[in-house]
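Notes follow once the structure below has been shown.
All of the numbers you see were taken from the coordinates with simple rules; none came from a lab. Please read all numbers here as calculations on a predicted model, not as lab measurements.
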Amino acid sequence: MANDNDAYEPIQGTVGSIPNEPQDTNGLPSHDEIRMAAHDQVQWNLKRKALNDQISAFRKGLKAKGHILGKLDDEVRKLEWTPEEYKADREASDHYAQAMAQPVGTQLELYGTDATPDPVRIQLKWRQLGVKHGIAGIGWANQPPEDCPFDCAQSYGEGHEEGQGTVRRAFQTRLEQAKATADAAREGAEDDDDQIDIEDAVNAANDDGDQSQEAA
């Protein structure tokens, strides 16, 4: 017996467990449209996977030739940039790198020059690594990384303390700026209160004058 609440047309049959197409789809795509879309989507997914496999093989070939893929991707992404945009990006990158004690620009000398003896160069390397770790809050000054040579532990610790010191100074500057802002806001509020008091006094005087005129 047919169900009176059945949403599907009884005049249509069914194929297996697939229901009939409803007459009212409430603004949604029809069942046939959904099925075709699902079929097409699967085919496109297969094509995309095949293309991704080809791209992956191509990039593996580039890597085998010595290419740094991340750098290549970055340069390809910037092909449409103007010279001004490219220059600004490089300057910003150097600025951030300098803040983190990376060897860029004049900071290349932090790791020594070609004339620097190797033992000194190694000490400089671990000192600057300590600076970067101190800035980032990684590890402790008295606990250098496991691969740090024993005779470089002191250099690492000194650098770590220097890096932490730069962060402490930055926090101190922020606190001082916040305090100055709060003090200025407080002074402004007090000035507003004084202005309100003056206005109240003037209004009170005017009220007194009006009352005197009425009494006369």
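Going through the cross-link list Lys49/Lys78; Lys49/Lys71; Lys60/Lys87; Lys87/Lys132, which pairs have a Cα-Cα distance over 29 Å in this structure?
Working: Lys49/Lys78 27 Å; Lys49/Lys71 25 Å; Lys60/Lys87 31 Å; Lys87/Lys132 26 Å.
The answer is Lys60/Lys87.
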| field | Karplus (6.51, -1.76, 1.60) ³J(HN,Hα), θ = phi - 60°, over the stretch 72-77, in Hz, Gly and Pro reported as x | value | 4, 4, 5, 5, 5, 4
